[in-house]
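First the structure, in the form of structure tokens, and then the observations on it.
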């Protein structure tokens with residue numbers, strides 16, 4: 001039986017991992033290589049690393065860090081942050097990364113998604129959509145780490161990205177990021193219903209029941225978690241962790 | 001020496017990374033002499049069937065591979081597209097496959113009851129070993145990471161050593177003599193992939 005994928009979504013800032021709340025106030029939570037080793041032991045399904053400084057500082061993806069992560073990562077690995085050309089994408093795939101996530105640049109240059117998909121296959125291309133609820137409850141796609149609102153709503157943008165050749169959508173609720181009180185089911189449902197490619201729900205997971213909610217009620221194909229897998233307890237003590245596999249299987253099958 | 005065949009089809013870095021982890025040095029190569037001297041071969045592959053066959057031809061690899069695999073009986077494992085290339089043909093393309101195992105590659109088709117299942121089949125799924133293959137030695141409840149839209153149908157049941165269910169059962173691992181194929185990505189499947197590759201590399 002195919003199991004619902006549960007994946008830590010981790011944020012890179014230089015050589016460290018950080019965790020944000022509503023895309024703000026990044027707090028250091030550890031070293032990426034050690035973290036990957038722990039997730040190996042826990043047999044995590046898949047890992048996502050997003051560099052939150054690459055686009056903002058207009059720099060290239062951190063190839064050295066990505067390479068060190070890949071050499072320890074024995075599960076599918078998605079990298080996102082600062083990828084704007086085929087050469088950089090090729091370097092990243094050759095290092096041993098399975099999927100590339102594109103966020104800001106997918107809005108700037110949607111054709112780039114087609115180019116990536118045609119060169120490396122749809123299954124290697126993830127479009128990462130950060131959505132924020134505005135006045136009157138309308139969602140907007142934001143870029144540049146959530147700081148810039150675009151004219152697109154997430155549903156129409158996801159449809160467009162599927163047409164361009166995206167293999168998956170990583171859908172993050174900026175409002176729910178780091179809050180740990182559940183996913184934005186309305187947002188997930190609207191996008192899942194509109195596209196045929198898998199939607200990975202992200203932003204808000206606080207407990208395993210939230211995963212179930214995103215899958216059963218939101219229609220997500222997979223779920224991502226940040227705070228929940230790097231923090232423990234009410235005081236948010238840093239502890240790299242992952243829910244028990246048997247429990248997840250029971251809950252999500 | 002373990003040689004990973006380089007024919008510009010997909011992600012080789014992660015295979016090297018995992019082999020290093022389990023203590024094997026491997027070389028990525030499309031050099032005919034190096035392939036000729038290999039004691040194990042890995043045929044990776046992500047991409048489309050015809051592109052795969054076309055590239056094998058362009059790199060002039062088909063003759064040397066036929067010799068190594070069919071005459072020298074060097075153990076080889078095809079991964080994902082690499083497994084499909086071992087079959088006679090695929091619904092995905094028009095070019096003939098390598099035809100080392102009497103099998104065909106077909107697209108997933110689902111009836112009404114499974115119409116919601118997505119293609120590609122992507123994620124972790126279990127493999128049920130068949131025909132007591134040594135490839136699964138030490139593997140308990142093996143599960144692996146899959147990404148594929150086509151699967152292999154064998155003419156002879158004895159060539160099937162692993163089955164997986166997605167809408168219906170399909171053949172996820174095949175083997176005939178020194179020739180192995182795995183539809184999933186062992187290099188991305190934690191200890192299950194490590195053990196499976198170790199078992200393959202330990203074949204005499």
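The values are calculated or read from the model by the stated rules, or taken from the named source; none is laboratory data. None of the values given here were measured: they were computed from a predicted structure. Methodologically, a virtual Cβ is constructed for each residue, glycine included, from the backbone with ideal geometry; neighbour enumeration extends over all protein chains shown.
Select the helices (runs of 4 or more DSSP H) contained entirely in the stretch A:169-249, then report the ones holding at least 2 residues which are surrounded by fewer than 19 Cβ atoms within 10 Å (Cβ to Cβ), at pLDDT 95 or above and out of contact with any strand residue (DSSP E or B) (no Cβ under 6 Å at 6 or more places or on another chain).
Because the criterion is at least 2 residues that are surrounded by fewer than 19 Cβ atoms within 10 Å (Cβ to Cβ), at pLDDT 95 or above and out of contact with any strand residue (DSSP E or B) (no Cβ under 6 Å at 6 or more places or on another chain), the helices (runs of 4 or more DSSP H) in the stretch A:169-249 that meet it are A:185-194, A:208-212.
Kindly provide the set of residues from the stretch B:193-204 that are surrounded by fewer than 24 Cβ atoms within 10 Å (Cβ to Cβ), in contact with a helix residue (DSSP H, G or I) (Cβ under 9 Å, 6 or more places away or on another chain) and either assigned to a helix (DSSP H, G or I) or modelled with pLDDT of 95 or more (or both), ordered by number.
So the first thing to find is which residues in the stretch B:193-204 are surrounded by fewer than 24 Cβ atoms within 10 Å (Cβ to Cβ), and the list is B:194-195, B:198-204.
Among the residues that remain, those that are also in contact with a helix residue (DSSP H, G or I) (Cβ under 9 Å, 6 or more places away or on another chain) are: B:194-195, B:199-203.
Answer for the stretch B:193-204, where residues must be surrounded by fewer than 24 Cβ atoms within 10 Å (Cβ to Cβ), in contact with a helix residue (DSSP H, G or I) (Cβ under 9 Å, 6 or more places away or on another chain) and either assigned to a helix (DSSP H, G or I) or modelled with pLDDT of 95 or more (or both): B:194, B:195, B:199, B:200, B:201, B:202.
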Here the residues within the stretch A:16-38 that are in contact with a helix residue (DSSP H, G or I) (Cβ under 6 Å, 6 or more places away or on another chain), more than 14 Å from chain B (Cβ to nearest Cβ) and more than 16 Å from residue A:231 (Cβ to Cβ) are A:32
Going residue by residue through the stretch B:182-191, is there one that turns out to be within 12 Å of another protein chain (Cβ to nearest Cβ), free of Cβ contacts under 8 Å to residues at least 24 places away in the same chain and more than 20 Å from residue B:91 (Cβ to Cβ)?
yes
What is the one condition in (1) more than 14 Å from chain B (Cβ to nearest Cβ); (2) closer than 20 Å to residue A:92 by Cα; (3) touching a strand residue (DSSP E or B) at 6+ places or on another chain (Cβ under 9 Å) that residue A:60 does not satisfy?
(3)
With respect to residue A:41, is the statement that it is within 14 Å of chain B (Cβ to nearest Cβ), exposed (fewer than 15 other Cβ atoms within 10 Å of the Cβ) and modelled with pLDDT of 95 or more true?
yes
Here are some conditions: (1) over 24 Å from residue A:71 (Cα atoms); (2) crowded, with 23+ Cβ neighbours inside 10 Å. Residue A:126 meets all but one. Which one does it not meet?
(1)
Exclusive hit being within 14 Å of chain B (Cβ to nearest Cβ) and over 18 Å from the mean Cα position of the chain (by Cα), set A:135, A:120
A:120
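Residues checked against (1) more than 11 Å from every other protein chain (Cβ to nearest Cβ); (2) touching a strand residue (DSSP E or B) at 6+ places or on another chain (Cβ under 7 Å):
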site: B:107; (1), (2): yes, yes
site: B:111; (1), (2): yes, no
site: B:125; (1), (2): no, yes
site: B:130; (1), (2): yes, yes
site: B:136; (1), (2): yes, yes
site: B:145; (1), (2): no, yes
site: B:148; (1), (2): no, yes
site: B:153; (1), (2): yes, yes
Do the conditions hold for residue A:8, that is, is it surrounded by 15 or more Cβ atoms within 10 Å (Cβ to Cβ) and farther than 27 Å from residue A:243 by Cα?
no
Does any residue of the stretch B:165-180 turn out to be outside any strand (DSSP E or B) and under 15 Å from the mean Cα position of the chain (by Cα)?
yes
For residue A:74, are the conditions met, namely being touching a residue at least 24 places away in the same chain (Cβ under 8 Å), farther than 19 Å from residue A:127 by Cβ and out of contact with any strand residue (DSSP E or B) (no Cβ under 7 Å at 6 or more places or on another chain)?
yes
Subset of the stretch A:63-80, residues more than 14 Å from every other protein chain (Cβ to nearest Cβ) and touching a helix residue (DSSP H, G or I) at 6+ places or on another chain (Cβ under 9 Å), comes to A:65
